[in-house]
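K.L.:
Just dropping this structure here.
All of the numbers you see were taken from the coordinates with simple rules; none came from a lab. Everything quoted here is computed from the prediction, not taken from an experiment. As a convention, Cβ positions derive from the backbone with ideal geometry for all residues, glycine included, and neighbour counts pool all protein chains shown.
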Amino acid sequence: MTLEERKAALREEVRRRPRGTKQASRAAQERLLASGLLTGTVGLYRALPVECGTERLADALGERACFPCVNPGGAELEFRRAGGSWTRGSLGVLEPAGEVVPLDEIEALVVPALAVDLEGRRLGRGRGHYDATLAWFRGRSVALVFESQLVPEVPVGEHDRPVDAVCTETRLVLRRSA
């Protein structure tokens, strides 16, 4: 089985698992807030219905939060302040219209995943935007997921980038000095 076939099989397996609840999402966010990992400016994602939410994080961080935009023609994500207005981006996710925040000004990056293992290897939706961004990012990165999204091992290729920590509703696992 090729790497892409293994990733596709894992995506399908995880999609069949029970999804986390609103209570689990809130518990994961509270755990991450209490961890002390979210210092300075923090890059957050806007959660899709199947992902662990970030609303509580955004509320707590206020102006310190910024959000990703797909950069047409580029693999890396661009981060922007909320700025009041949001538009649906090319991948169907709401993107902010505020000022650009350079990646080197972001101290922590909270990323989504369909699946993640305790070594920080994550499986995304397959477009590679977060992996490309993580390749350049020098701050702390955290996958915020439901416990049901943890797997024994995520298959990875040369372009896949691990995160420094994994946070769920029941635990926070630091992979390396985060």
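K.L.:
ARG171 versus ARG31, label points 7 Å from Cα toward the beta carbon: distance in nm?
P.N.:
So the label points at ARG171 and ARG31 sit 0.9 nm apart.
K.L.:
Could you grab the Rg to Rh ratio for segment 19-82? Cα atoms only, Kirkwood for Rh.
P.N.:
Rg divided by Rh gives 1.00.
K.L.:
Another question about this same structure. Lys and Arg at +1, Asp and Glu at -1: add these up for the other residues within a Cβ distance under 12 Å of TRP86 and post the number.
P.N.:
After counting each charged neighbour, the total is +3.
K.L.:
Got a sec? Which residues in segment 106-135 would a label at SER90 touch, if it sits 7 Å along Cα→Cβ and we count backbone N under 18 Å?
P.N.:
125-134
K.L.:
Quick check for me: using +1 on Lys/Arg Cβ and -1 on Asp/Glu Cβ, what's the dipole size of the chain about its Cα centre, in debye to the nearest 20?
P.N.:
Here the size comes out at about 460 debye.
K.L.:
Then there's this: Helix-only estimate, please: 222 nm mean residue ellipticity of the chain, summing -39500 (n - 2.57) across DSSP H runs of length 4 or more and dividing by its residues, to the nearest 500.
P.N.:
Calculated from helices alone, the mean residue ellipticity at 222 nm is -7000 deg cm²/dmol.
K.L.:
Using the Karplus curve 6.51 cos²θ - 1.76 cosθ + 1.60 with θ = phi - 60°, work out ³J(HN,Hα) for each residue of segment 143-160 in order, rounded to whole Hz, and write x for Gly and Pro.
P.N.:
8, 9, 9, 7, 3, 5, 8, 6, 10, x, 7, 9, x, 10, x, 5, 8, 6
K.L.:
Follow-up question, since we're still on this one. Working only with C-alpha atoms, what are the Rg and Dmax values of segment 44-130, expressed in angstrom?
P.N.:
So, for segment 44-130, Rg and Dmax equal 12.8, 37 Å respectively.
K.L.:
Give a residue-ordered list of calculated ³J(HN,Hα) values for segment 5-15 (Karplus: 6.51 cos²θ - 1.76 cosθ + 1.60, θ = phi - 60°; whole Hz; x for Gly, Pro).
P.N.:
Along segment 5-15, the couplings run 5, 5, 5, 4, 5, 5, 4, 5, 4, 5, 5 Hz.
K.L.:
Please report, to two decimal places, log10 I(q)/I(0) for the chain at q = 0.08, 0.15 Å⁻¹ as given by the Debye formula with identical point scatterers on the Cα atoms and no solvent.
P.N.:
-0.22, -0.81
K.L.:
For segment 75-90 and segment 111-178, what is the separation of their C-alpha centers, rounded to whole Å?
P.N.:
21
K.L.:
Along segment 85-95, what does the Karplus equation 6.51 cos²θ - 1.76 cosθ + 1.60 (θ = phi - 60°) give for ³J(HN,Hα), rounded to whole Hz, x for Gly and Pro?
P.N.:
Once rounded to whole Hz, the list reads 10, 10, 10, 6, x, 5, 9, x, 9, 5, 10.
K.L.:
Further question: Could you work out Rg/(2.2 N^0.38 Å) for segment 1-51, with Rg from alpha carbons only?
P.N.:
Working it through for segment 1-51, the quotient is 1.55.
K.L.:
Within segment 65-152, report the trypsin sites (Lys or Arg not before Pro) that DSSP leaves as loop and that have at most 16 other Cβ atoms within 10 Å.
P.N.:
ARG125, ARG127, ARG138
K.L.:
Now for a separate question. Take the Cα pairs of segment 110-166, get the Kirkwood Rh, then feed it into Stokes-Einstein at 20 °C and 1.002 mPa s and tell me D in µm²/s.
P.N.:
193
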